[in-house]
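Computed from the coordinates by the stated procedures, all read-outs in this text should not be read as laboratory data. None of these values were measured; they are calculated from a predicted model. Don't worry about glycine lacking a Cβ; one is built from the backbone with ideal geometry, like all the others, and counts go over all protein chains shown.
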Amino acid sequence: MTEAILHEISKKLDKLIAISAIQGKDEDRQIKILKSLKFTYKDISNLIGIPEGTLKIRDHRERKNLNAKSKS
């Protein structure tokens, strides 16, 4: 097999593993899991089915809340 084919197979396996990991979780938890697995905003929005802009806003708010909690 060529390296390109192996890379494509690896990407598809990563998606399957991620989909399995997020099943039954709420959207915010799904986002956290997928971000921890280094998925891009575009990939996450496609997997979860929400617009990329909405995803970025939610992520920004989550980081802002975490920063506020860590300062208190």
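Quick notes on this one:
- Residue match in the range 16-25 (condition: small (Gly, Ala, Ser), assigned to a helix (DSSP H, G or I), on the phi < 0 side of the Ramachandran plot and under 10 Å from the mean Cα position of the chain (by Cα)): yes
- Among the residues making up the range 26-56, those that are in a helix (DSSP H, G or I), of a type outside the set (D, E, K, R) and either touching an Asp or Glu at 6+ places or on another chain (Cβ under 8 Å) or under 26 Å from Ser10 (Cα atoms) (or both) are Gln30, Ile31, Ile33, Leu34, Ser36, Tyr41, Ile44, Ser45, Asn46, Leu47, Ile48, Leu55.
- Any pair with Cβ under 6 angstrom, 6 or more apart, that starts in the range 1-23 at a residue that is surrounded by 10 or more Cβ atoms within 10 Å (Cβ to Cβ) and ends at one that is assigned to a helix (DSSP H, G or I): Ala18/Leu34; Ala21/Ile33; Ile22/Gln30; Ile22/Ile33
- Scanning the range 57-72 for residues that are surrounded by 10 or more Cβ atoms within 10 Å (Cβ to Cβ) and either charged (D, E, K, R) or outside any helix (DSSP H, G or I) (or both) gives Arg58, Asp59, Arg61, Glu62, Arg63, Lys64.
- Residue count for the range 2-50 satisfying the condition of being aliphatic (A, V, I, L, M) and in contact with a helix residue (DSSP H, G or I) (Cβ under 8 Å, 6 or more places away or on another chain): 12.
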